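**Q** If you scroll down you'll find the structure; I have some questions about it.
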Amino acid sequence: MLVLLERGVSEAVAADVATRLRMYGLAVHRTDHEGQVRLGAVGEGAVDWAAVAVWPGVASVATLPAPFKLASRAFQPHDTVISVGRCAVGSPQLAIMAGPCSVEGERQVFTIAAAVARAGATVMRGGAYKPRTSPYSFQGLGEEGLKLLRRAADAHGLAVVSEVMDTQQVGLVARYADILQVGARNMQNYSLLKEVGHAEKPVLLKRGLAATIEEWLMSAEHILSHGNAQVILCERGIRTFETYTRNTLDLNAIPVVKELSHLPVIVDPSHGTGIRDKVAPMARAAIAAGADGLIIEVHHDPDHALSDGAQSLYPEQFDELVGQIRTIASVLGRRV
Ligand code: PEP
Ligand code: MN
């Protein structure tokens with residue numbers, strides 16, 4: 001339920017209403033919108049809502065109709081903005097995240113960090129724990145990779161996003177990364193969603209390979225319901241009957257999610273297409289469609305990359321793309 005408090009209500013009264021709702025067994029989440037406190041009361045407790053509507057300080061009570069409650073615009077009408085390093089994801093400033101698929105070594109991450117920072121990225125990506133289809137493929141450098149990524153990013157004033165694959169890695173990855181990436185294959189790993197829900201770092205939640213938009217938002221809801229309000233959604237393509245591209249990048253999802261949810265949405269055209277020369281057109285389209293940013297794989301020597309070389313941009317291609325994104329952004333009243 002959505003409990004709207006009277007405008008100008010004191011913090012003491014707001015806290016009191018929240019406490020009373022909690023005593024019914026509900027979890028209470030707060031957002032402030034245009035000077036009004038909005039409480040999202042979620043859970044199973046049986047409550048006499050007509051009585052709540054006349055509690056001191058309460059202006060009105062309404063249902064939150066969507067199955068995802070805290071992620072919905074009905075709960076929070078304004079956009080969520082998540083500050084990470086020099087970027088504010090969900091603001092008019094587009095979030096440009098870039099880097100290799102996997103952290104492979106010191107020279108590699110430092111070379112790529114310099115290139116993506118120069119081009120205008122503010123966040124560096126790189127996996128240290130890799131979900132690979134084959135158990136014989138490179139699985140990532142683990143903590144050593146996180147250390148390298150952090151050092152390379154720090155040397156160039158970049159924030160870090162890196163994937164966490166299971167609950168036991170959350171604390172470790174959170175020590176080095178500014179954003180915890182939950183990969184497509186883990187979108188419905190509810191134990192992991194719970195664990196990152198307790199972390200004090202923003203979460204980049206990738207859409208599952210076969211997940212509907214509603215399932216994706218329900219996964220975001222898991223994270224929000226555990227107390228972490230900093231969720232960035234990432235469209236990365238879905239599995240369809242099409243085989244020419246690795247996945248089908250669902251740009252419909254951007255305006256759809258923007259209407260349903262206040263959470264920022266970024267797009268990953270690298271995994272979305274799987275083909276280097278298809279990345280830039282789809283990145284441009286994503287920004288034109290209203291995405292809040294991009295996450296792009298970049299590698300200085302993609303022929304020798306240990307993962308996803310075929311979809312990685314050369315640094316010069318990334319630089320040119322960011323220039324084009326700047327132009328598109330300005331038409332939309334946004335900037336890089
Ligand atoms: C990745 O970012 O390298 C990755 C494995 O992405 P996804 O989970 O979207 O496949
Ligand atoms: Mn990859």
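The values are calculated or read from the model by the stated rules, or taken from the named source; none is laboratory data. The structure presented is a predicted model; accordingly, all values stated were derived computationally and were not measured. Neighbour counts are summed over all protein chains in view; Cβ atoms, including those assigned to glycine, are modelled from backbone coordinates with ideal geometry. Surface accessibility is based on the protein's heavy atoms, side chains included, excluding ligands, DNA and RNA. Shrake-Rupley method; radii C 1.70, N 1.55, O 1.52, S 1.80 Å.
**Q** Calculate for the chain the 222 nm mean residue ellipticity that helices alone would give, adding -39,500 (n - 2.57) per DSSP H run of length 4 or more and normalising by residue count, nearest 500 deg cm²/dmol.
**A** Working: 11 runs with 115 residues, N = 336.
Value at 222 nm, helices only, nearest 500: -10000 deg cm²/dmol.
**Q** Just to make sure I understand: if all protein chains stay in place, what is the order of ARG335, ARG38 by accessible area at 1.4 Å, largest first?
**A** The most accessible residue leads, giving ARG335, ARG38.
**Q** Using the heavy atoms of the protein chains alone and a 1.4 angstrom probe, what is the accessible area of the chain per residue in square angstrom?
**A** Accessible area per residue, the chain: 41 Å².
**Q** Same structure, new question: Taking a temperature of 37 °C and a viscosity of 0.692 mPa s, what whole-number D in µm²/s does Stokes-Einstein yield for the stretch 205-250 with Rh from Kirkwood over alpha carbon pairs?
**A** 288 µm²/s
**Q** Please report the base-10 log of the normalised intensity I(q)/I(0) for the stretch 54-122, using a Debye sum with one equal scatterer per alpha carbon and no solvent, at each q in 0.17, 0.21 (1/Å).
**A** The computed values of log10 I(q)/I(0) come out as -0.79, -0.95.
**Q** Could you sort 197-207, 97-107, 131-141 so that the peptide with the highest average Cβ count within 10 Å comes first and the rest follow in order?
**A** 97-107, 197-207, 131-141
**Q** Compute the normalised compactness of the stretch 142-197: alpha-carbon radius of gyration over 2.2 N^0.38 Å, N being the residue count. Walk me through the numbers on the way to the answer.
**A** Values: Rg = 11.6 Å, N = 56, 2.2 N^0.38 = 10.2 Å.
After normalising by residue count via 2.2 N^0.38 Å, the value is 1.14.
**Q** Quick check: at a probe of 1.4 Å, how many percent of the accessible area of the stretch 31-149 sits on carbon and sulfur atoms?
**A** That share works out to 54 percent.
**Q** Also: Kindly state, as a whole number, the per residue volume in cubic angstrom of the convex hull around the alpha carbon atoms of the stretch 1-84.
**A** Cα convex hull per residue, to the nearest whole number: 105 Å³.
**Q** May I ask which residue of THR133, GLN188, LEU204 lies farthest towards the positive end of the charge dipole of the chain, with charges of +1 (Lys, Arg) and -1 (Asp, Glu) on Cβ and the Cα centre as origin?
**A** Highest projection toward the positive end goes to LEU204.
**Q** Over all directions, how big on average is the projection of the convex hull of the alpha-carbon atoms in the stretch 1-45, in square nanometres?
**A** On the way: hull surface 10.8 nm².
Spelled out: convex hull of the Cα atoms, projected over all directions, averaged, 2.7 nm².
**Q** Report, largest value first, the span of the C-alpha coordinates of the stretch 145-260 along each principal axis, in whole Å.
**A** 40, 34, 25
**Q** Now, a different point. Expressed in nm², what is the orientationally averaged projection area of the convex hull enclosing the Cα positions of the stretch 237-336?
**A** Details: hull surface 27.1 nm².
Mean orientational projected area (the stretch 237-336, Cα hull): 6.8 nm².
**Q** Could you give the C-alpha radius of gyration of the stretch 72-196 expressed as a fraction of 2.2 N^0.38 Å, taking N as the number of residues it contains? Could you put the intermediate results ahead of the total?
**A** On the way: Rg = 15.1 Å, N = 125, 2.2 N^0.38 = 13.8 Å.
My calculation over the Cα atoms of the stretch 72-196 gives 1.10.
**Q** Under 10 °C and 1.306 mPa s, how fast does the stretch 103-152 diffuse according to Stokes-Einstein, given a Kirkwood radius computed over C-alpha pairs? Answer in µm²/s, whole number. Write down the numbers at each step before the final one.
**A** Working: Rh = 11.4 Å.
So the translational diffusion coefficient is about 139 µm²/s.
**Q** Rg/Rh for the stretch 272-330 to two decimals, with Rh computed the Kirkwood way over all alpha-carbon pairs.
**A** With Rg and the Kirkwood Rh in hand, the quotient comes to 0.98.
**Q** Per the Debye formula with a single identical scatterer at each Cα and no solvent contribution, what log10 I(q)/I(0) holds for the chain at q = 0.10, 0.12, 0.16 Å⁻¹?
**A** -0.59, -0.81, -1.30
**Q** Of the cross-linked pairs LYS69/LYS258; LYS130/LYS206; LYS147/LYS201; LYS69/LYS194; LYS69/LYS201, which ones have a Cα-Cα span greater than 19 Å in the structure shown?
**A** Numbers: LYS69/LYS258 15 Å; LYS130/LYS206 14 Å; LYS147/LYS201 17 Å; LYS69/LYS194 16 Å; LYS69/LYS201 21 Å.
Violating the 19 Å Cα-Cα cut-off are LYS69/LYS201.
**Q** Treating only the Cβ atoms of Lys and Arg (+1) and Asp and Glu (-1) as charged, compute the dipole magnitude of the chain about its Cα centre; round to the nearest 20 debye.
**A** On the way: 32 positive and 35 negative charges, 34 e Å.
That gives the chain a dipole magnitude of about 160 debye.
**Q** Could you check the spin-label model distance between ASP154 and GLU200? Points 7 Å from the Cα along Cα→Cβ, value in nm.
**A** 1.9 nm
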